[in-house]
Amino acid sequence: MSPLTGVLSDLDRVLLSADEIRARVTQMAQQIETDYDGKVITVVVLMDGALFFVSDLLRQIDLPIRLVTLGASSYHGGTQSSGQVKINWPAGVDFAGHDILLLDDILDTGLTLAALRERLLAENPATLRTAVLLDKKRPREHEVPLDYCGFEIEDLFVVGYGMDYQGRFRNLPCIGILKP
Ligand code: IMP
Ligand code: MG
């Protein structure tokens, strides 16, 4: 594999290496597999940030899974949240009575996941749990109960492993902080 020295050169520092992410995602998959034993999981994924997380996670879960992808945005290309969530709700998906696992890349203000949870709960699922790879340690404007969390990180803007800055850096294999 290419060492991606071009895109990596934009990083000030690496916060989580590809190996650290891989090991933690494997642990999370094992935990989820144990918790959902005997069930079918309806995984609802927020695209595009959770793309690599969901891909690596789900391929290690030995249970039947229904995959639903959603688009939701509160960021509009910058590093500050706009305070509003736009959800592209999928047509024709049945959530009632299903065991839903909501997945996102990172919990920041909580606005996105809180809005999504509320919308999903209105569909009367049997259960609703939430998993994120990263949990930013910061005052939370919207409380979101987390059932699975990969890492707690400082309140910094991160890129890589699916997460972008103005549409770039999603393809970094690690998670890092951009140069100022
Ligand atoms: P929240 O609604 O403020 O919790 O923001 C959640 C969404 O904002 C996540 O799904 C990410 O797509 C994006 N986001 C939040 N923090 C970061 C970051 O540090 N880097 C890249 N995207 C982020
Ligand atoms: Mg996102």
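The values are calculated or read from the model by the stated rules, or taken from the named source; none is laboratory data. Since we're looking at a predicted model, the values are computed, not measured. In this analysis, Cβ positions are derived from the backbone assuming ideal geometry, glycine residues included, and neighbour counts consider all displayed protein chains. Protein only, heavy atoms only, side chains kept; ligands, DNA and RNA dropped before computing areas. Shrake-Rupley method; radii C 1.70, N 1.55, O 1.52, S 1.80 Å.
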Item to check | Extent along principal axes [Cα atoms of segment 19-154; Å; largest to smallest] | outcome: 40, 38, 22
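With a cut-off of 8 Å between alpha carbons and a minimum separation of six or more residues, what is the relative contact order of the chain in percent?
On the way: 346 pairs, mean separation 47.4, N = 180.
Computed over the chain, the figure is 26 percent.
Which of the GluC sites (Glu not before Pro) across segment 120-154 are loop residues per DSSP, with 16 or fewer other Cβ within 10 Å? Before the final figure, lay out the partial values.
Values: sites: Glu123, Glu141, Glu143, Glu152, Glu154; in loops: Glu123, Glu141, Glu143, Glu154.
For GluC sites (Glu not before Pro) across segment 120-154 that sit outside H, G, I, E and B with at most 16 neighbouring Cβ atoms in 10 Å, the list reads Glu123, Glu141, Glu143, Glu154.
222 nm [θ] for the chain, helices only, -39500 (n - 2.57) per DSSP H run of 4+, per residue, to 500? Display every interim value, and only then the final one.
On the way: 4 runs with 41 residues, N = 180.
Dividing the helical sum by the residues of the chain leaves -6500 deg cm²/dmol.
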Checklist entry - Of all DSSP beta bridges in segment 19-154, what percent run antiparallel (nearest 5)? => result 15
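Around Asp105, with a cut-off of 13 angstrom between Cβ atoms, what is the net charge of the other residues, counting Lys and Arg +1 and Asp and Glu -1? Please list the in-between numbers first.
Values: positive: Lys136, Arg170; negative: Asp48, Asp56, Asp104, Asp108, Asp135, Asp164.
Result for the local shell: -4.
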Item to check | Whichever lysines have a C-alpha closer than 27 Å to that of Lys86, once near sequence neighbours (fewer than 8 apart) are set aside | outcome: Lys136, Lys137
Checklist outcome for this item: Mean accessible area per residue over segment 19-154 (1.4 angstrom probe, all protein chains present, square angstrom) is 49
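Around Ala72, under 11 Å between beta carbons, what's the net of Lys plus Arg minus Asp minus Glu among the other residues? Don't jump to the answer; show the numbers that get you there.
Numbers: positive: Lys86, Arg119; negative: Asp48, Asp104.
Net local charge, Ala72 excluded: 0.
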Checklist entry - Got a sec? Charge dipole of the chain, +1 on Cβ for Lys and Arg, -1 for Asp and Glu; which of Val7, Pro173, Phe95 is way out at the positive end? => result Val7
